[in-house]
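The values are calculated or read from the model by the stated rules, or taken from the named source; none is laboratory data. All values derive from a computational prediction rather than experimental measurement. Methodologically, a virtual Cβ is constructed for each residue, glycine included, from the backbone with ideal geometry; neighbour enumeration extends over all protein chains shown. Protein only, heavy atoms only, side chains kept; ligands, DNA and RNA dropped before computing areas. Shrake-Rupley method; radii C 1.70, N 1.55, O 1.52, S 1.80 Å.
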Amino acid sequence: MASMKVHGKPTRTIWPVGGARAVEIIDQTALPHAYRVVRLSSLDDTVRAICSMQVRGAPLIGVTAAYGLALALARSADDALLQDAVRALAATRPTAVNLHWALLRMQACLRPLPPSARADAAWHEAGRIAEEDAEQCRRIGENGLQVLLAAARDRSRLDLMTHCNAGWLATVDHGTALAPVYAAVDQGIGVHVWVSETRPRNQGLLTAWELRQHGVPHTLIADNAAGLLLARGGIDAVLVGADRMAANGDVANKIGTYLKALAARAAAIPFYVAAPRSTIDFACPNGAAIPIEERAADELRLVYGRDASSVAAQLRQLPADEAVANPAFDVTPASLVSALITERGSCAASTAGLRSLYPEEEYD
Ligand code: MRU
């Protein structure tokens, strides 16, 4: 599968800057209105980029955190500094387990080394994590396409629905839920994607932007339109990503995912979840144990966009004292998930299913 493109040019979401200990990222808070590249040169830059969602999406958060740790260790790398940097990065966002997976992997690589060897090792390990993420997502694309074609009414045309952004912007390259879409396009299979807006952060607009960059036909819908469209029929499958998969196959993903899974089940439409190994939390027994991020109330109170002169603008849609709750993720029980799609293949959303793909892991 070809790499993802921006204005026709192969592009990743994060890349090391040649000759400098720094990385560059696509600032996702500026999309879809502006394409802006931002340089991260320090731990603080990285923490800010993750918290503000300049980078977002579970796999990309993990990779960015790995580079953030490497940036933190660039000058000094003793145990105390390593621990402080890990703590700062781990506190950025609670639900996406890829963050913690990446930090654990970095520590396993770095702690046995003398401090003088850690800076270079951290940089290389972060690079390896990034490369592996891209390759795993490419494989998710191949595996997911087989699953979708097996469920399709017509193998020459797929009509899909997705939620949030689980495309290449949420990973290093290719995406998770959208990787099979790009694989289908590469094989000349016609694809149309229903993209839900994903209030309040509107990650669906990122999905529309990246699908547009690749010329993939898609239609943006308000979140609340999904039930009607699924009930009407004509959609082959709902395909989403994940921020954390529990060992029993329960899945945390962007708020609103659960409602789509319920509507898909009522309409007898398959509901698939695509994610790499780094999103599976084998130590987490079920969805009830997954921490759900509660984000700032202003994400509901304020709306961002462009005014009539195309200038960035912010509008208040609620009084500042209006009571607001803003849980950023929900949990879809394994019973509503038709299959999990990973870099190793697909399986039932259950401990037995995950064990068949990852027999080497320890299960609670
Ligand atoms: O809050 P976000 O934008 O980081 O949430 C992202 C999602 O929920 C994605 O669906 C998930 O991370 C899968 S990304 C391949």
From 183, 222, 208, grab the single residue that is more than 24 Å from residue 153 (Cβ to Cβ) and out of contact with any strand residue (DSSP E or B) (no Cβ under 7 Å at 6 or more places or on another chain).
222
Could you tell me whether any residue of region 11-33 is in contact with a Phe, Trp or Tyr (Cβ under 6 Å, 6 or more places away or on another chain), under 21 Å from residue 129 (Cα atoms) and either among the hydroxyl-bearing types (Ser, Thr, Tyr) or in contact (Cβ under 8 Å) with a residue 40 or more places away in the chain (or both)?
yes
Scan 29, 13 and give me the residue that is crowded, with 23+ Cβ neighbours inside 10 Å, assigned by TED's automatic domain parsing to the domain that holds residue 124 and of a type in the set (Val, Ile, Thr).
13
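For region 312-352, please list each of the strands (runs of 3 or more DSSP E) lying entirely inside it that holds at least 1 residues being of a type outside the set (Val, Ile, Thr) and out of contact with any helix residue (DSSP H, G or I) (no Cβ under 7 Å at 6 or more places or on another chain). Write out each step before concluding.
Values: elements: 312-316, 329-332, 339-342, 345-347.
Strands (runs of 3 or more DSSP E) meeting the threshold: 312-316, 329-332.
If I filter region 314-335 for residues that are open to solvent by less than 30 Å² (accessible area, probe 1.4 Å), at pLDDT 95 or above and away from the ligand (no atom under 16 Å from the Cβ), do I get at least one hit? Quick ask: steps written out before the conclusion?
If we filter region 314-335 for residues that are open to solvent by less than 30 Å² (accessible area, probe 1.4 Å), which is where we start, we get 326, 328-330, 332, 334.
From what is left, the residues that are at pLDDT 95 or above are 326, 328-330, 332, 334.
Among the residues that remain, those that are also away from the ligand (no atom under 16 Å from the Cβ) are: 334.
Looking for residues that are open to solvent by less than 30 Å² (accessible area, probe 1.4 Å), at pLDDT 95 or above and away from the ligand (no atom under 16 Å from the Cβ), one finds at least one in region 314-335, hence yes.
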Count - residues of region 155-170 that are part of a loop (DSSP other than H, G, I, E, B), more than 16 Å from the ligand (Cβ to nearest atom) and either in contact with a strand residue (DSSP E or B) (Cβ under 9 Å, 6 or more places away or on another chain) or under 14 Å from residue 207 (Cα atoms) (or both)
1
Can you confirm whether region 297-313 contains a residue that is within 14 Å of the ligand (Cβ to nearest atom), over 30 Å from residue 183 (Cα atoms) and modelled with pLDDT of 95 or more?
yes
Output the residues belonging to region 55-86 that are assigned to a loop (DSSP other than H, G, I, E, B) and more than 11 Å from the ligand (Cβ to nearest atom).
73, 74, 75, 76, 77, 78
For region 219-231, indicate whether the set of residues that are closer than 30 Å to residue 359 by Cβ and at pLDDT 95 or above is non-empty.
no
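How many residues, within region 285-296, are away from the ligand (no atom under 16 Å from the Cβ) and surrounded by 12 or more Cβ atoms within 10 Å (Cβ to Cβ)?
Number satisfying all stated conditions: 3.
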Pairs needed: first member in region 68-87, assigned by TED's automatic domain parsing to the domain that holds residue 119 and farther than 8 Å from residue 43 by Cα; second member anywhere, of a type outside the set (A, V, I, L, M) and open to solvent by 10 Å² or more (accessible area, probe 1.4 Å); C-beta distance under 7 Å; at least 6 residues apart or different chains.
70/123; 74/21; 77/115; 78/115; 86/107
Residues in region 177-200 that are within 10 Å of the ligand (Cβ to nearest atom) and touching a Phe, Trp or Tyr at 6+ places or on another chain (Cβ under 9 Å): how many?
3
Failed item, numbered, when residue 261 is tested on (1) part of a loop (DSSP other than H, G, I, E, B); (2) within 30 Å of residue 4 (Cα to Cα)
(1)
If you check residue 259 against the conditions, is it under 30 Å from residue 237 (Cα atoms), open to solvent by 30 Å² or more (accessible area, probe 1.4 Å), assigned by TED's automatic domain parsing to the domain that holds residue 201 and within 16 Å of the ligand (Cβ to nearest atom)?
yes
Scanning region 337-364 residue by residue, those open to solvent by 20 Å² or more (accessible area, probe 1.4 Å) and either in contact (Cβ under 8 Å) with a residue 60 or more places away in the chain or of a type in the set (S, T, N, Q) (or both) turn out to be 338, 344, 346, 348, 350, 351, 356, 361, 362, 363, 364
List the number of the failed condition for residue 173; all other conditions in (1) touching a residue at least 12 places away in the same chain (Cβ under 8 Å); (2) more than 13 Å from the ligand (Cβ to nearest atom) hold.
(2)
Enumeration of residues in region 16-26 that are open to solvent by 10 Å² or more (accessible area, probe 1.4 Å) and outside any strand (DSSP E or B)
17, 18, 19, 20, 21
Residues of region 205-246 being within 30 Å of residue 289 (Cβ to Cβ) and more than 14 Å from the ligand (Cβ to nearest atom), which ones?
224, 226, 227, 230, 237, 246
